[in-house]
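First the structure, in the form of structure tokens, and then the observations on it.
The values are calculated or read from the model by the stated rules, or taken from the named source; none is laboratory data. Not measured: the values here are computed from a predicted model. All Cβ positions, glycine included, derive from the backbone under ideal geometry; neighbour counts span all protein chains shown. With ligands, DNA and RNA removed, areas are computed over all heavy atoms of the protein, side chains included. Shrake-Rupley method; radii C 1.70, N 1.55, O 1.52, S 1.80 Å.
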Number of protein chains: 2
Amino acid sequence: MSDQKKNEKGITPQSENFSRWYIDAIRKADLMDYTPVRGCIAFKPDGFELWERIQSKMDQRFKETGHRNAYFPMLIPESFFQKEKEHVEGFNPELPWVTEAGSEKLEERLALRPTSETMIGHLYSQWIQSYRDLPVLINQWANVFRWEKRTLPFLRTSEFLWQEGHTAHATEQEAREETMQMLQIYQEVVEQELAIPVWMGQKTPSERFAGAIDTYSIEAMMKDGKAVQAGTSHYLGENFARSFEIQFLDRDNQQKYVHTTSWGTSTRLIGAMIMVHGDDQGLVIPPRMAPTQLVMIPVGPGKLREKVMEKFDPLYDQLKAGGIRVRADLRDETPGWKFNEWELRGVPLRLEIGPRDVDNNQVILVRRDTGEKITVGLDRVVEHVEELLVHIQKTMVQRAVAFRDKHSHFTVDTLDDLKAHIVHQENVGEIAGWVLAGWCGEEECESQVKDETKFTSRNIPFDAPMEKKKCIVCAKESKYTVWFGRAY
Amino acid sequence: MSDQKKNEKGITPQSENFSRWYIDAIRKADLMDYTPVRGCIAFKPDGFELWERIQSKMDQRFKETGHRNAYFPMLIPESFFQKEKEHVEGFNPELPWVTEAGSEKLEERLALRPTSETMIGHLYSQWIQSYRDLPVLINQWANVFRWEKRTLPFLRTSEFLWQEGHTAHATEQEAREETMQMLQIYQEVVEQELAIPVWMGQKTPSERFAGAIDTYSIEAMMKDGKAVQAGTSHYLGENFARSFEIQFLDRDNQQKYVHTTSWGTSTRLIGAMIMVHGDDQGLVIPPRMAPTQLVMIPVGPGKLREKVMEKFDPLYDQLKAGGIRVRADLRDETPGWKFNEWELRGVPLRLEIGPRDVDNNQVILVRRDTGEKITVGLDRVVEHVEELLVHIQKTMVQRAVAFRDKHSHFTVDTLDDLKAHIVHQENVGEIAGWVLAGWCGEEECESQVKDETKFTSRNIPFDAPMEKKKCIVCAKESKYTVWFGRAY
């Protein structure tokens, strides 16, 4: 790989090669490292801190809606997977297996969990006896494994971190309401906190979770036009209840199967946040997610540093007291070096103060998202910073919405249109983005799109911006209006 | 197993059989369940909530002392273990191995981490180049595996949850200070939050962590007189630095090896908390650790419930607003049934209010730790509860200290004394507890104690209550004064 096309920060420009840009950006920002275990990364402190913030935002909302955390074994006996036919077919090719422990061969192979429906199904069958035990509303924060062939840091790794909610209900209606409630919580966190606009919708049958009746997702567009499935919520019906015999005695004295749901989000949200907001200067972290919201850097000649610090130190204390996540960079490096570093790391605001600023009773604020410089009176810094952080968060969502909408195409009506669209975009050096298309509901038509264009169905949005009347492949009357795009 | 000896709560009395008491108590309190995977338990929400509280108390202190969280791969290549000789010998017998993934056999076996010194050593060798990169202060919250032959919920399971800190320093002195700082943090959390008194001290060489220069521990006495090692902190010297080539260019332009430390506490703290405070009525949770600190239960005839609820509801709101972790039990069950349940779960305070209490403008508070009933004026409930919770926390530590000291023996001077002591205690139906004994420093003497009495060295306390001059086995001059006891 040649370094010639990297910019002065050592980052390949997005327009040059988006995948390289991504790797360069996350490495320069010190978020992760590769390890000798295939497809497994180390989350360095700056990367893990982003996950801790996502966790706390999610966990708070889970608890507010009555869920509690628990922890289940990571190892799952092979026989458990056999109990749900679709589930085993879906996950078997990706499972790592423990076959020995100490010096003994195990009698039954144990899988490293790819997800925990089976183990939890087995336990729920013992925990649930009566309608009084319902609903069961449990979430787990855990590591999971899917032995992927092609991996990409955060977005697809052999081991990743996630949360998986598993609930059991007396009725289908209640379980379906839970499925929707959790999807909405995902949308809320991802849009409001991570500043990523998403389409909520239903997955087509071919893209459903292995063992689910219905799968719903939130889908986000990255800056290369590809899609990231940012969270999924599944209505599992009685499938796992029947496989694992999860029955309860209802009020009417009848034995019934419970209706279960499961829902998950993972560390791939870190990758999505970077691919939606980052630019050629590095990361751009939304203020609500940023571990550091404001970095303070003294500037000007060293011999005047004392004069600057007389204002700098009280200002730091004020900002801290005001609840701003502030950091003072007093390292023995040039201001330019520091500017560069904090730009790479995506800190939303930089504050500069030098001797002349002290004379003028002012500071300079610099926005990471737009580069804009703002001169602010020293006595009003805290309120300005507060306002700016709110404003930046808002602007970042708006920009992401505008980007997504610009790259959403509504006039692609046939498969030939789509192929022509893809070629045309490539010719003009533009990304292909997503297309909204009609679909008759036949799996054959859906897979033809995939085979010929690598576009896959993202989801059937609940609130499509328009209705498409004809199937993009067979031109028959469409049953669904579907987002198609290439996906991570 | 006969149920005949269980009490009216379905719990085997401690005096009857402590191990059965423990299992009965944690099952009745719904903290965990067994699973079909050998030695792996499921942490149910009431059990996991205790871990979440321990985590938050620890994590806060780690961050206050400059540590940051990260996450490392769970799978560790076999060759990594080979690099540190003592380490591989110590852990090899307990390792589960992944040998296949998908349908392919792996070229190299991957161990499920028993601890992460090796993986982290490998990565630190790449992350650390210069003195400017030091110190590295990282902690990880993770699941770990040790394929144990005999398991006991929370205290010894094949998979457990823990935190492991891994730090690297430029000098031995700094690394040793870190080792001590973290041991002190453990002591602080365990004594102040979990209300468990501990002895801080150094492990003897035979009880050291595999690969450490020095291991330090905090040791707690359970109500059956056995010891739980409640946390360990290791000074690893240059051992792992040399095995994994973690070198840095120091200020003096010399390449040097870093000095590393590691330190850990785990979900066994849940077990210790139960075994130190629990009684024949079930758990007794210290107020600072209790997910629910006060449970409110309306009493008296149903037809007068409305009158009670007029006082009950505002009182609940007041307590909540006062920062008390309060819960109202309004289920359709008898007060007696509820009292029983919350006693089992160890909630520190119960509040009862009935129609007569309303007439008298009062409520009844009942302490879980002593059973004491206190009548309190309705207008002063919040302040009384606040005071009582502080008082209960204090009392629980004092009781645990008194228990420990009562069962610590200082006049056992020879191995024959110790054997006689054990027989005598058994004859009078008392627990054997711990003995403080002199030790010459020879491993032979230490292992003779173990072989003949099952008492093992717990640690060499920093602050021994007295000095023992002669070795308990060989009667030569002692080098160390050591706590000996049976251990979990």
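Among the residues of the range A:453-471, just one is more than 29 Å from the chain's Cα centre (by Cα) and either outside the structural domain of residue A:425 (by TED's automatic domain parsing) or over 8 Å from residue A:440 (Cα atoms) (or both), namely A:469. Figure legend. Inter-residue proximity from the range B:31-43: first residues facing another protein chain (nearest Cβ under 9 Å), second residues surrounded by fewer than 19 Cβ atoms within 10 Å (Cβ to Cβ) and part of a strand (DSSP E or B), beta-carbon distance below 7 Å, spacing 6+ or different chains. Indicated pairs: B:41/B:33; B:41/B:34; B:42/B:33.
Of everything in the range B:159-183 that is of a type in the set (Asp, Glu) and surrounded by fewer than 18 Cβ atoms within 10 Å (Cβ to Cβ), the residue that is nearest to residue B:232 (Cα to Cα) is B:177. Kindly indicate whether residue A:485 is buried (at least 22 other Cβ atoms within 10 Å of the Cβ), more than 25 Å from the chain's Cα centre (by Cα) and in contact (Cβ under 8 Å) with a residue 12 or more places away in the chain. When the stated conditions are applied, residue A:485 does not pass them. Selection of strands (runs of 3 or more DSSP E) fully inside the range A:302-404 by the criterion of at least 2 residues being exposed (fewer than 12 other Cβ atoms within 10 Å of the Cβ) returns A:373-377. For residue A:156, the conditions (1) within 11 Å of chain B (Cβ to nearest Cβ); (2) within 17 Å of residue A:265 (Cβ to Cβ); (3) open to solvent by 10 Å² or more (accessible area, probe 1.4 Å) all hold with the exception of (1). Condition test on residue B:240, is it within 24 Å of residue B:128 (Cβ to Cβ) and among the aromatic types (Phe, Trp, Tyr)? Yes, satisfied. When the criteria are applied in full, residue A:249 meets the requirement of being more than 27 Å from residue A:146 (Cα to Cα) and either assigned by TED's automatic domain parsing to the domain that holds residue A:56 or at pLDDT 95 or above (or both).
In the set (1) in contact (Cβ under 8 Å) with a residue 12 or more places away in the chain; (2) under 26 Å from residue A:277 (Cα atoms), the condition left unmet by residue A:336 is number (1). The set of residues in the range A:125-153 that are over 27 Å from residue A:228 (Cα atoms), open to solvent by less than 40 Å² (accessible area, probe 1.4 Å) and either part of a loop (DSSP other than H, G, I, E, B) or away from every other protein chain (no Cβ under 12 Å) (or both) comprises A:128, A:130, A:134. Taking the numbered list (1) touching a residue at least 12 places away in the same chain (Cβ under 8 Å); (2) closer than 20 Å to residue B:220 by Cβ in turn, residue B:438 passes all entries but (2).
One residue stands out in the range B:405-418 among those that are within 29 Å of the chain's Cα centre (by Cα) and more than 17 Å from residue B:467 (Cα to Cα): the one that is surrounded by the fewest Cβ atoms within 10 Å (Cβ to Cβ), namely B:406.
As for the range B:279-286, it holds at least one residue that is closer than 22 Å to residue B:364 by Cβ, touching a residue at least 60 places away in the same chain (Cβ under 8 Å) and surrounded by fewer than 22 Cβ atoms within 10 Å (Cβ to Cβ). Is it the case that some residue within the range A:234-252 is open to solvent by 10 Å² or more (accessible area, probe 1.4 Å), touching a Pro at 6+ places or on another chain (Cβ under 9 Å) and on the phi < 0 side of the Ramachandran plot? Scanning the range A:234-252, I find no residue that is open to solvent by 10 Å² or more (accessible area, probe 1.4 Å), touching a Pro at 6+ places or on another chain (Cβ under 9 Å) and on the phi < 0 side of the Ramachandran plot, so the answer is no.
For the range B:323-367, a residue qualifies if it is in contact with a helix residue (DSSP H, G or I) (Cβ under 7 Å, 6 or more places away or on another chain) and of a type in the set (S, T, N, Q), and the qualifying residues are B:361, B:362.
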